[in-house]
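The values are calculated or read from the model by the stated rules, or taken from the named source; none is laboratory data. Since the model is a prediction, treat every value here as computed from it, not as a measurement. Quick note on the areas: whole protein, heavy atoms, side chains included, nothing else; ligands and nucleic acids left out. Shrake-Rupley method; radii C 1.70, N 1.55, O 1.52, S 1.80 Å.
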Amino acid sequence: MAHVTVVGGGVIGLLAARELRAAGLEVTVLDRGEIGREASWAGSGILSPLHPWRQPDAVQPLSLWSQRAYPELAAALADESGIDPELLPSGLLLPDCTDAAAAQAWASRWQVPLESLDAAALRRAEPALVPHTAGLLLPQVAQIRNPRLLRALRVALQRAGVAFEEHCEVLGFAQREDRIAALDTRHGRRPVDVLLVTSGAWSGELLRACGLALPIAPVRGQILALQTPPGLVRHVVLAEDHYLVPRRDGLVLAGSTVEHVGFDKTLAPSSAAALRAAAARLVPALADAPQVAHWAGLRPGSPDGTPYIGRHPQFENVYVSAGHYRSGLTLAPASAALISALITGQQPPLDGAAYRLERAGTA
């Protein structure tokens, strides 16, 4: 039985580990910090690209495949772990969308339900929202409570026999001909059978150490959590660069920033104030809602948000799934199914040519 070492314990790596374990492989997940505590934990849990019609064509199959897979996945993880990931089909509401025609064309092309709302319909859909003249609704978009999803994955994978090793940063690689034979880590040298790199924002730096230059770099995002009465906000609401995500218990996430500051997760009061002000411009009641938390995460930025999923062009036993930028949670189930199929030699669930590591400008 082959053994796969997964470097990176976010949702991309954990779902890949789940697929690989289900295929009969032994799997160990290493993480430089704690399992599931970086971008996957810090995100909002929206299971759609924010403006899907603005995304490259390559992102669409991964996104739509994953959205179809999430209900069954969430139910299975709840059964396997006893932790409900709180999948909520809240829909994605866009008041006064500036490129509605492009959205309509995208929805028609990809056969995605999209509703046009007038001012009255918007008011009925979101009574607390400031008045707008028109809007769009993607009714099938869901959200998931990502910290709970990650906890459920960890418990389910442990019960399935996946091993975890935290605070185990990879420092280098030992090469033997066309293979990586071992990893040098803070816990010592570890032999490698098959290696899968899913290290999020750290993937670019890590892969450069084994001869692969992928344009993946950290992009900081900050989110504010506000406590409201349940039902104050009913949908995920998106207005250009700002969104609101309502949880079942009334917690509302207000996000997010996009900051190119390297590996810095420093928080500033000015960022929290800006996020609250943006939230209050959408829902005035949020101006005085108690602040529960304010945090930052480092997204794995890539040039256009198209991830890199495939085998290393030089080393036959090294695979990569990284560079998902702002859509890691959204694209994770399809990415996991695809990379698992490539590793095990099975028929991929979708065409992976657009995600190859060798595509122009990466190697």
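Here are some notes:
- Over region 257-355, relative contact order from alpha-carbon pairs under 8 Å, at least 6 apart, %: 20 percent
- Evaluated at q = 0.16 Å⁻¹: base-10 log I(q)/I(0), Debye formula over Cα of region 100-155: -0.67
- Radius ratio Rg over Rh of region 52-171, counting only Cα atoms, Kirkwood formula for Rh: 1.10
- Volume per residue of the C-alpha convex hull in region 106-237, rounded to whole Å³: 222 Å³
- Computed helical MRE - 222 nm, the chain, DSSP H runs ≥ 4 contributing -39500 (n - 2.57), nearest 500: -9500 deg cm²/dmol
- Long-range Cα-Cα pairs in the chain (distance over 36 Å), rounded percent: 20 percent
- Other-chain or far-sequence residues with amide H under 5 Å of Gly172's (modelled H): Asp184
- Distance histogram for region 198-279 (every C-alpha pair counted, 5 angstrom bins, percent rounded to whole numbers): 3, 14, 19, 16, 14, 13, 10, 7, 4, 1, 0
- Ordered from largest to smallest accessible area (heavy atoms of protein chains, 1.4 Å probe), the residues Trp41, Trp53 come out as Trp41, Trp53.
- Heavy-atom SASA rank of Arg326, Arg179 (probe 1.4 Å, accessible area, largest first): Arg326, Arg179
- Projected onto its three principal axes, the C-alpha set of region 126-201 covers 63, 30, 21 Å, listed from the longest axis down.
- For the chain: relative contact order, % (alpha-carbon pairs under 8 angstrom, 6 or more apart): 23 percent
- Cα centroids of region 290-340 and region 1-63: 6 Å apart.
- Full extension of the chain between Asp178 and Arg359 gives 63.1 nm of extra length, using 0.36 nm per residue less the Cα-Cα distance.
- Equivalent-ellipsoid semi-axes of region 1-78, from the Cα gyration tensor, Å, largest first: 25, 16, 13
- The rule of thumb for compact globular proteins, 2.2 N^0.38 Å, goes into the C-alpha radius of gyration of region 255-358 1.47 times.
- Each part reduced to its alpha carbon centroid, region 345-360 and region 199-250 end up 25 Å apart.
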